[in-house]
Every structure is written in C-alpha cells, then in structure tokens.
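The values are calculated or read from the model by the stated rules, or taken from the named source; none is laboratory data. Here the structure is a predicted model, which means the values were calculated and not measured. Neighbour counts run over all protein chains shown; Cβ positions are idealised from the backbone, glycine included.
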C-alpha cells in the first residue's frame, strides 16, 4: 500500500510549520521543495528537496512526483492544475482546495490578471494572509489526510 505524502511548494509557503505539525500527528512524509536551501526540522518524516533555480524547476519536480496519494500545497494555479491532472489533492495555503471544477475558472482569472499587469494596470494582489486562513488550512489539511488514509 502506498502511503500519503505532502508535497510543499515551499519558497513562499506561509504554512510550513502547520504542515509539519499535521504531518507528525498523522505520521505522513513531507517533501519541502524549493529553489534555495530552506530551514526544515531535523525529523525523519521531513525531506528537503532543493532544485535548480531554473524557471518552474520546483513546480516541475512537484508535478512529476504528484499522484493520487499526494497532497500538494501551493498557491500557484498552474502547478495546482498539473497536480490535479496527476490525481493529487491540492490545497492553497489559505486552506482553499483546488478541484477539477474550480481550476478552469482560476486559470482564466490568472490569465486575465497577467494580461492586465502586462498592460501596465495597477491591480492589487491577494488579500493579506490571516489567522483565519491559517486555521482554515489546518482543518482542511487534516481532513484531506484522513480522507487519503481511508482510501
């Protein structure tokens, strides 16, 4: 039986500590993927993966590793799409799950916003990360792990 693994798009992930706590409680491996060396706990369940600084190198590594037993944590919509197509459960750091039903509109919005930025429009980014986002993430990650273990 394959066990669950949490794959973290780590360079700008605000919930790494929360991921570690939930992973330890569920005894699930975590692969922290980044373009630079990040501090991670010295723990047998936590593995640091440092990829090249090439464009999308971390995304490519995560997308290649993702499968039906993976939970991918990312704010990157295009990586979320790739991970969903690989069968992974995908969560944003704010706890919002990406699904096959939600990814299409998210990609479309991403493309529109990129076009606006390229045209010089001044548009705001996402809302500031909050305590409620952190709490929501913890609940959603815990639930996702429970679901994966029941499969």
Next on the checklist: For residue 61, only one of the following conditions fails: (1) modelled with pLDDT of 95 or more; (2) surrounded by fewer than 16 Cβ atoms within 10 Å (Cβ to Cβ). What is its number?
Outcome noted: (2)
Item to check | Top-ranked residue in the range 113-133 [being more than 30 Å from residue 68 (Cα to Cα) and part of a helix (DSSP H, G or I); ranked as modelled with the highest pLDDT] | outcome: 118
Checklist outcome for this item: A careful count of residues in the range 1-47 that are under 15 Å from the mean Cα position of the chain (by Cα) and assigned to a strand (DSSP E or B) gives 11
Checklist entry - How about the range 14-39: which of its residues are over 23 Å from residue 149 (Cβ atoms) and surrounded by 11 or more Cβ atoms within 10 Å (Cβ to Cβ)? => result 14, 34, 35, 38
Checklist entry - Which residues, taken from the range 1-50, are in contact with a helix residue (DSSP H, G or I) (Cβ under 9 Å, 6 or more places away or on another chain), over 21 Å from residue 142 (Cβ atoms) and in contact (Cβ under 8 Å) with a residue 24 or more places away in the chain? => result 11, 33, 34, 35, 38
Next on the checklist: I want to confirm something. Restricting to the range 134-151 and keeping residues that are modelled with pLDDT under 90 and out of contact with any helix residue (DSSP H, G or I) (no Cβ under 9 Å at 6 or more places or on another chain), which single residue is nearest to residue 27 (Cα to Cα)?
Outcome noted: 150
Checklist entry - Residues of the range 69-110 being in a loop (DSSP other than H, G, I, E, B) and either buried (at least 16 other Cβ atoms within 10 Å of the Cβ) or at pLDDT below 95 (or both), which ones? => result 69, 74, 75, 76, 86, 88, 92, 93, 94, 95, 96, 99
Checklist outcome for this item: Expected single match for touching a residue at least 12 places away in the same chain (Cβ under 8 Å) and in a loop (DSSP other than H, G, I, E, B) among 53, 59 is 53
